[in-house]
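Participant: Pasting in a structure now, in C-alpha cells, and then I'll have a few things to ask.
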Amino acid sequence: MQLRYVILYVPDVPATMAFYAEAFGLERGFLHESGTFGEMVTGATKLCFTAVSLMEQIGKQVATTPPALPSFELAFETEDVAAALARALAAGASLVQGVERMDWGQTTAYVRSPEGTLVEICTPVTA
C-alpha cells in the first residue's frame, strides 16, 4: 500500500489553499468548481482539503474546531527552517515554537495554520 493523500476538513477550502500556497510554497493541483474540495501538489502524497459543509451534506460528522491538544501534525521539510518560519508567519500562521536544534540533528519550528492544524517546519533528519 501507499499513502496517496491526506484530507483536512476545513471551513473554507479556497482560503485554506491560498494560505498553504503562500505560507509553504505549495502549488494548487485542483480545486473543484464548488469550492468544497481541493488538492495541493506535494509530491507522491497529496494534501487535500474538504469543506466541513460538504461532509455535513453527505451525512458525515467531523470536528468543526481543532482540538486544544492535536493528535497529529503536518511536517514540511526544508533546508532553511528560519526562512520558512518567517514566510509562514507572514502568511498568517501563529507561532507555536521557534527554531530549535534537536538532539538527533534536526532543526524544527512549529506553527498553527489559520484553520488550526499544527505544522512542523523541519530539516531532514541527519545521523
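The values are calculated or read from the model by the stated rules, or taken from the named source; none is laboratory data. Bear in mind the structure is a predicted one, so any value in this text is a computation, not a measurement. For neighbour counting, all protein chains shown are included, and Cβ atoms are generated from backbone atoms with ideal geometry for every residue, glycine included.
Participant: Could you look through segment 66-88, keep only residues that are in contact (Cβ under 8 Å) with a residue 24 or more places away in the chain and part of a loop (DSSP other than H, G, I, E, B), and pick out the one that is farthest from the chain's Cα centre (by Cα)?
Facilitator: E79
Participant: So which residues in segment 13-52 are more than 19 Å from R87 (Cβ to Cβ), surrounded by 13 or more Cβ atoms within 10 Å (Cβ to Cβ) and free of Cβ contacts under 8 Å to residues at least 40 places away in the same chain, if there are any at all?
Facilitator: V13, P14, G29, L31, H32, G35, T36, F37, G38, E39
Participant: Let me ask you something else. Which pairs have Cβ atoms under 9 Å, sit 6 or more apart or on different chains, and link a residue in segment 103-124 that is on the phi > 0 side of the Ramachandran plot to one that is crowded, with 18+ Cβ neighbours inside 10 Å and in a strand (DSSP E or B)?
Facilitator: G116/V10
Participant: Is it true that M55 is buried (at least 18 other Cβ atoms within 10 Å of the Cβ) and closer than 19 Å to A15 by Cβ?
Facilitator: no
Participant: In segment 100-127, which residue that is under 18 Å from the mean Cα position of the chain (by Cα) and aliphatic (A, V, I, L, M) is farthest from V52 (Cα to Cα)?
Facilitator: Filtering first and then ranking leaves A109.
Participant: Mind telling me which of the residues G92, G98, G105 ends up being touching a helix residue (DSSP H, G or I) at 6+ places or on another chain (Cβ under 7 Å), surrounded by fewer than 17 Cβ atoms within 10 Å (Cβ to Cβ) and among the small types (G, A, S)? Even if it seems obvious, please write down each step before you answer.
Facilitator: Details: G98 fails: touching a helix residue (DSSP H, G or I) at 6+ places or on another chain (Cβ under 7 Å); G105 fails: touching a helix residue (DSSP H, G or I) at 6+ places or on another chain (Cβ under 7 Å).
Answer to the selection: G92.
Participant: Now for a separate question. Look at T123 and say whether it is among the polar types (S, T, N, Q), in contact with a strand residue (DSSP E or B) (Cβ under 9 Å, 6 or more places away or on another chain) and at pLDDT 95 or above.
Facilitator: Considered against the rule, which asks whether it is among the polar types (S, T, N, Q), in contact with a strand residue (DSSP E or B) (Cβ under 9 Å, 6 or more places away or on another chain) and at pLDDT 95 or above, T123 comes out as yes.
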